[in-house]
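A.B. asks: Please find one structure pasted underneath; my questions will follow.
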Amino acid sequence: MLTLHHAPGSRADRILWLLEEMGLEYELNSMAFHPKDLKTDEHKARHPLGRVPVLDDGETRLFESGAIAEYLLSRYGDGTLRPDEASPLFPQYLQWFHYAEGTMMPPINTIVTHTILLPPERRNQEMLDMAQRLAGKVLVPIEAQVADKDYLIGDFSGADIMLGHAMVVCGRLKLVTDNHPNLKAYIERIKGRPAFIKALGS
């Protein structure tokens, strides 16, 4: 049985959503997104940094969201939610799958840190301004990518789990504006998926 160690409002949300999209059976260990749960000895035995997600699959344990997503799609996907490696869409799938963590999430992390996580006296406005400018630039290629298609490579795929989750976060942070009509529509499609609603609400 798969077990997902999860805290709402974290990257673990994308794995919970993926499990629902794939229709897999799993057990959920839900924790608060707070050191009182995440920094315990019990959880740090699962993840040395006391973070989520962590996936247990028998004797296999993974604690990086992108790796967990690839593992689930490869081990249990039976060819769904990702193009065949021989498909001309496969390179695009890989690009947008990894764009989420490699390019999109770094400025988001800084924005969340300096608007939510840190107390006001420790926030750095200069760093926040730089991250917001960078996030605006990083959104431009995604806005163009979904201009003429419902999802990143056409059909819904694992890339939409990774990057779509980041776009929902961007929407909540007010980074997606009226200058991003395609992204606004894309986010609404993501949030309207039954598996997304079941996992994370509307």
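A.B. asks: Return yes or no: is V176 more than 19 Å from L18 (Cβ to Cβ) and not in a helix (DSSP H, G or I)? Write out each step before concluding.
C.D. replies: On the way: more than 19 Å from L18 (Cβ to Cβ): yes; not in a helix (DSSP H, G or I): yes.
So V176 passes the test.
A.B. asks: Scan region 30-49 residue by residue and report those that are surrounded by 17 or more Cβ atoms within 10 Å (Cβ to Cβ) and not charged (D, E, K, R).
C.D. replies: Start the filter on region 30-49 by keeping residues that are surrounded by 17 or more Cβ atoms within 10 Å (Cβ to Cβ), which leaves 31, 37-38, 43, 46-47.
Residues satisfying the conditions are M31, L38, H43, H47.
A.B. asks: Let me ask something else about it. Of the numbered conditions (1) touching a Ser or Thr at 6+ places or on another chain (Cβ under 6 Å); (2) within 13 Å of L18 (Cα to Cα), A67 satisfies every one except a single condition; which is it?
C.D. replies: Only one criterion in (1) touching a Ser or Thr at 6+ places or on another chain (Cβ under 6 Å); (2) within 13 Å of L18 (Cα to Cα) is unmet by A67, namely (1).
A.B. asks: Further, regarding this structure: Pick from I153, I116: which is of a type in the set (A, V, I, L, M) and at pLDDT 95 or above? Explain how you work it out, then say what you get.
C.D. replies: Numbers: I116 fails: at pLDDT 95 or above.
Only one candidate qualifies: I153.
A.B. asks: Quick one: in region 37-70, of everything that is acidic (D, E) and part of a helix (DSSP H, G or I), which residue is nearest to the chain's Cα centre (by Cα)? Show your work before the answer.
C.D. replies: Keep residues of region 37-70 that are acidic (D, E), which gives 37, 41-42, 56-57, 59, 64, 70.
This time we only want the ones that are part of a helix (DSSP H, G or I), so: 37, 41-42, 70.
Details: D37: 21, D41: 26, E42: 25, E70: 13 Å.
Among those that are acidic (D, E) and part of a helix (DSSP H, G or I), it is E70.
A.B. asks: Here is a follow-up. Please work out which one of (1) farther than 20 Å from E70 by Cβ; (2) part of a helix (DSSP H, G or I); (3) in contact with a Lys or Arg (Cβ under 8 Å, 6 or more places away or on another chain) is the condition V169 fails and give its number.
C.D. replies: (3)
A.B. asks: Determine whether E70 is charged (D, E, K, R) and within 28 Å of Q132 (Cβ to Cβ). Spell out the reasoning first.
C.D. replies: On the way: charged (D, E, K, R): yes; within 28 Å of Q132 (Cβ to Cβ): no.
So E70 does not fit the description; no.
A.B. asks: Also: Restricting attention to region 45-70, which residues are in contact with a Leu (Cβ under 8 Å, 6 or more places away or on another chain) and free of Cβ contacts under 8 Å to residues at least 12 places away in the same chain?
C.D. replies: Matches in region 45-70: L62 only.
The values are calculated or read from the model by the stated rules, or taken from the named source; none is laboratory data. Only a predicted model underlies this, so the values are computations on that prediction, with no experimental measurement involved. Because the Cβ atoms are built from the backbone with ideal geometry, glycine has one as well, and the counts that use them run over all protein chains shown.
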